[in-house]
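Structure record follows, encoded as structure tokens.
The values are calculated or read from the model by the stated rules, or taken from the named source; none is laboratory data. No experiment lies behind these values; they were computed from the predicted model shown. A quick note on method: Cβ atoms are made from the backbone with ideal geometry, for glycine too, and the neighbour counts reach across all protein chains shown. Heavy atoms of the whole protein, side chains included, go into the accessibility calculation; ligands, DNA and RNA do not. Shrake-Rupley method; radii C 1.70, N 1.55, O 1.52, S 1.80 Å.
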Amino acid sequence: MRKNSMALAVALAFPLSFSVQSFAQGVATDAQLKPVTVSETRSGLSADLPNSTASKTAQELETQNIFNAEDAFRYLPSTTIRKRYFGDRNANVGGRSFGVLEPGRGLVYLDGYLISQFLGRFDAPRWQMVNNESIERIDALYGPFSAIYPGNSIGTTLVVTERKPKGFEASASVKVSKQPFSEYGTDDSFSGTMTSARIANKTDSGIWYSLGVQHQDVNGHPMGYANTTRVTTGQFGAVSGTKVTGILRDKDPSGVDRAIFGANSIDHVKQDTVNMKLGYEISPTQEIEGRVSYWRSNSNVRVDNYLFDAKTGSPIWSGTVNDGVNSFNLNTLSASFAPSNREEANRQLGFTWKTKNVTGWNASVVATQYSVLSDVARATALVQPTADNGGVGTVTRRDGTGWNTFEAQTTYTPTKGDFGNGNHALTFGLHRNQYKLNNVVNDASDWRNNETTANQRYSGQTNVLAFYAQDAWKLTPDLLLTAGVRHERFNQMDGEQFDKSLPTGKQTQTYADRSLNVTSPKLSLAWSVSDDLLLKASAGQGTRFPNVDEMFNGTKTSTNVLINNAYLKPEKSTAFELSAEKFWDSYSLRASLFRDDVKDTILRQSDTTVTPTTTLNTNVGRVLTNGLELAWQSRDVGIKGLDIGGSATWVDSKIKENALVPASVGNNWLRIPKQRYTVQASYRPNAAWTFGANYRYAGRNYNTVLATDINPETFGGISHVSQLDLKVDWKFAKDWNWAFGIDNVNNSKAWQAHSLPQRSYLMELRYSMK
């Protein structure tokens, strides 16, 4: 009976899911996200998607340790989440053919509202807008194969879907984390808490609402270390100055001798999020909903000095010091011993109207606005004991920054005897997004609480207007051809840069407005060979336009000079994929061969042989990525309640053209592991207990185009990752759960330039009434 059910599921998946594909919120979303409910091994997405996909439901996520929303995605195939510590505000996404330093290639949606912050290099998705209590499912799509996605989909599209109430619901949880951390001269424990709650209801009148709140208070481990290397100082100096204890030695990622003096970027962050949603079913075929989200963050960053006077035991922060072998001038490293703080307040508004006809025409309108109400970062180059009492510094503001999006769609779901004899499913759409950035750096006589004159400023806007059309055409009962085209018009405007250090009359530079037009075709053919085998071939082009920071940021610090490029070319991807999905009684396997040929990849390329380091925003002529991805899933493996799944990805990503650094041609592209593996196992012996084990591995990475990072397993390197995570969940009473988990059980050290978490313990108490 079970085998017959599986065969029936696969046989029905093709015609029943015959629909238009999108993850942008609207009518094109609904059919795509509709699960194939009779299948026990399918991911739950429509079978006619031109993309390879991966999904997890809320029940499947129960076997993972989830402190922040981004944790839900870390075991998906070919996916990297650069989460440096619990509560990290900069958890960037990496995918099959792009690394975490290319956030513009990752789209992230929350209930169809864009939370990707395409403003700067380290502006990660605003995961903080997600309420953990509300997550119903997560999904991922790979590649630019649907015309409905913006050009940023040349990488990976990630979607968080929150649960809509069917009646009265209430839930709350308290999570506690603790991480013993030992590295260089730091040996300490770093803890955090996450408290969240949600209440929701749907009334008989068709009105529904949801209110969610979250508060987290987290102490992060050190993100960096004050250091100097022979490559930047010539030879270490002869013995002079104060003799100290605490100087540590190692080799940097390039294999050069390095001295370590202390830990920095130790973040204590408090964050609060409030989500309010309200919806109304106007009729059985029409509904509206609105969303208001507010997130604030207060971050205080401190340092930890390892150096003490060898005679008196007093801490030493400045001057010339020695360890009996070499001397070092700490005054050149004062910024590495300096504290900082940052306060942010953000708001997101969202609105959706759509119709829900089973067949025929539907329409939707979706609008969202994300506003940085306040963003104030205060910093100083003074060492911490001095800085604690005030002193000169800078204050960076990004108040008024943000983005807005608008999406209008109409779709046609076929009926036999209707248009095209029921063989065509159509989508037409209009998309617009606008990003605005105003980054101001002011001098401060007291970095803690005042501002004087403007030091630097860069600002600008971008917008994209797109029209798209797509047709899913059932050529035969077993063949589905999905063809689409997307035309995008990109505009940059109001680009301006100010630098007080330049001569009078040259301090302000404005940049001419620019417009670009791009047309991206898409094509996919799916063949249902049999009830248990689906083959698919997809091809598509996509264009990722440069963001405001990449074009206009020309900031200067004591350690780095960034040279902007106001006329960067957009990244253009030509991608191909061949995939096969096979289904057995309780097993499934997907194999995908993929190829991504990207021209004019945008990259910051740095010259670290000069002081300060000089960095340029440039286009790398061509990067070619070829790979193989396997994803499998099995239910009740030998024992009822035991499920095992996993993925494996092998990638060859090479630089083919690079005019700025010709010697890099033939080298590996940055921050893409050559191998990635995940294994996830869960066991549910009864209704009360759930056990989960999750393993992830990422192999060799590179961080420089010249592959000079020959020693990646250290601070500053991009190391391999090999971590096992465990979790047990106990439903000890009606509506009550207790969970305990350990991340990185094997305590394997890893680095994404910054140190990644070591062994960490998590405990959760949760109440949930549905």
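Computed quantities for the displayed model
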quantity	calculated
F715 being among the aromatic types (F, W, Y), surrounded by fewer than 15 Cβ atoms within 10 Å (Cβ to Cβ) and in contact (Cβ under 8 Å) with a residue 40 or more places away in the chain	no
Conditions (1) open to solvent by 10 Å² or more (accessible area, probe 1.4 Å); (2) farther than 27 Å from L525 by Cα; (3) not basic (K, R): number failed by T410	(2)
Filter result (under 20 Å from M194 (Cα atoms) and of a type outside the set (K, R)) within segment 125-140	P125, W127, Q128, M129, V130, N131, N132, E133, S134, I135, E136
Among the candidates G313, G290, G350, G279, residue that is open to solvent by 40 Å² or more (accessible area, probe 1.4 Å) and either farther than 30 Å from S205 by Cα or part of a strand (DSSP E or B) (or both)	G313
Single residue of S196, S205, S191, S173 found to be polar (S, T, N, Q), under 28 Å from the mean Cα position of the chain (by Cα) and either open to solvent by 10 Å² or more (accessible area, probe 1.4 Å) or under 23 Å from D304 (Cα atoms) (or both)	S191
Unmet requirement for K178, which otherwise passes all of (1) touching a Leu at 6+ places or on another chain (Cβ under 9 Å); (2) buried (at least 18 other Cβ atoms within 10 Å of the Cβ); (3) not β-branched (V, I, T)	(2)
Contacts under 6 angstrom Cβ, first residue in segment 627-653 being touching a residue at least 24 places away in the same chain (Cβ under 8 Å), partner of a type in the set (K, R) and assigned to a strand (DSSP E or B), 6 or more apart	A631/R590; T649/R676
Filter result for L756 (under 30 Å from T618 (Cα atoms) and surrounded by fewer than 17 Cβ atoms within 10 Å (Cβ to Cβ))	no
Scan of segment 655-671 for residues that are outside any loop (DSSP other than H, G, I, E, B) and open to solvent by 40 Å² or more (accessible area, probe 1.4 Å), ordered by number	K656, E657, P662, A663
Single unsatisfied condition, E629 versus (1) over 27 Å from the mean Cα position of the chain (by Cα); (2) surrounded by 18 or more Cβ atoms within 10 Å (Cβ to Cβ)	(1)
Output for segment 561-595, where each listed residue is under 23 Å from W527 (Cβ atoms), surrounded by fewer than 17 Cβ atoms within 10 Å (Cβ to Cβ) and modelled with pLDDT under 95	W584, D585
Identity of the residue in segment 640-654, at pLDDT 95 or above and of a type outside the set (G, A, S), that ends up surrounded by the fewest Cβ atoms within 10 Å (Cβ to Cβ)	D652
Matching strands (runs of 3 or more DSSP E) fully within segment 447-552 where at least 1 residues are under 32 Å from the mean Cα position of the chain (by Cα), within 30 Å of T380 (Cα to Cα) and touching a residue at least 24 places away in the same chain (Cβ under 8 Å)	454-476, 479-499
Condition met for V637 (of a type in the set (A, V, I, L, M) and either modelled with pLDDT of 95 or more or in contact with a Leu (Cβ under 7 Å, 6 or more places away or on another chain) (or both))	no
Filtered residue count, segment 452-485, keeping only those that are aliphatic (A, V, I, L, M) and within 25 Å of N433 (Cα to Cα)	6
Residue that is farthest from S189 (Cα to Cα) [pool: residues in segment 738-748 that are surrounded by fewer than 19 Cβ atoms within 10 Å (Cβ to Cβ) and not hydroxyl-bearing (S, T, Y)]	W738
Residue count, segment 740-751 (criterion: in contact with a Ser or Thr (Cβ under 8 Å, 6 or more places away or on another chain) and in a strand (DSSP E or B))	3
Segment 109-149, residues that are touching a residue at least 60 places away in the same chain (Cβ under 8 Å), among the small types (G, A, S), in a loop (DSSP other than H, G, I, E, B) and surrounded by 22 or more Cβ atoms within 10 Å (Cβ to Cβ)	G112, G143, S146, A147
Hits in segment 193-219 (condition: modelled with pLDDT under 95 and either of a type outside the set (S, T, N, Q) or under 14 Å from I135 (Cβ atoms) (or both))	D204, G206
Qualifying residue in segment 732-741 (condition: under 22 Å from the mean Cα position of the chain (by Cα) and not aromatic (F, W, Y))	no
Residue ranges of strands (runs of 3 or more DSSP E) in segment 212-266 with at least 2 members of a type in the set (S, T, N, Q), open to solvent by less than 30 Å² (accessible area, probe 1.4 Å) and out of contact with any Gly (no Cβ under 9 Å at 6 or more places or on another chain)	224-229
